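Beneath this line is the structure, given in structure tokens, with notes to follow.
Here, each number is a calculation from the coordinates, and none is a lab measurement. Remember, predicted model here, so these are calculated numbers, not experimental data. For neighbour counting, all protein chains shown are included, and Cβ atoms are generated from backbone atoms with ideal geometry for every residue, glycine included.
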Amino acid sequence: MNWKLLIWLVLGCILTSFLWGFFGHRKIVYLAVFTLPVEMSGFYKKNIHDLSEIAINPDRRRYAIPEEAPRHYIDIEDYGDSALYKLPRYWNEVLQMIPEDSLNERGIVPWHIVTMYYFLRDAMMVRDPEKIIQYSSELSHYIADAHVPLHTTRNYDGQLTGQKGIHAFWESRLPELFFDDYDFLLAKQSILKMFNWLPGVL
């Protein structure tokens, strides 16, 4: 038995399974570049491969940095009826209502998106290309996560309803299987409406 070959085979399987969920995030940021205004698209197209690779960094950090995991989801039903309209949009305001440990337990993705937006804005103001690429790409990750229905409920993997494993099926397997059949044509006005809640963006 060739032990080196076996080690590489095992490592390959581990890496393949780990990278399974990265497909969607890479594609989302890659395609988003082509919706940008002409004034921005040149810079982003030139860095499109770095953007696609950096987009998966938040998932790479999830199990290494304890504070990372809550940035990817929110168990919105824990906040009651019309929570999306009642909860404050700013982190400092919501901290006055709810203890930080409770917020982290339920997920903080909406507030982290706003934080990342300000990081990106500041990087643009000082014209730091490396930070602009990093924050643009990571911001795309959190926005994408916030648009996955299973990132907005405590039953995130169907574990409470006998559907365990549905998360990976919905978020990873289906996009990989049907990506070539998806219609990505989206009117500019629709894109703007998706982000009109970000303070001061548009």
For R60 and M124, FRET efficiency with R0 = 25 Å and r from the beta-carbon atoms, rounded to 0.05?
0.55
State log₁₀ I(q)/I(0) for the range 22-194 at q = 0.10, 0.14, 0.16, 0.20 Å⁻¹ as given by the Debye formula over alpha-carbon point scatterers of equal weight, solvent excluded.
-0.43, -0.85, -1.11, -1.53
Take peptides 89-99, 137-147 and line them up by average Cβ neighbours within 10 Å, highest first, as a rough protection proxy.
137-147, 89-99
Cβ-placed point charges (K, R +1; D, E -1), dipole of the range 28-141 about Cα centre in debye, nearest 20:
480 debye
The farthest towards the positive end of the charge dipole of the range 53-152, of the residues I132, V109, Y90, given +1 on Cβ of Lys and Arg and -1 on Cβ of Asp and Glu, is I132
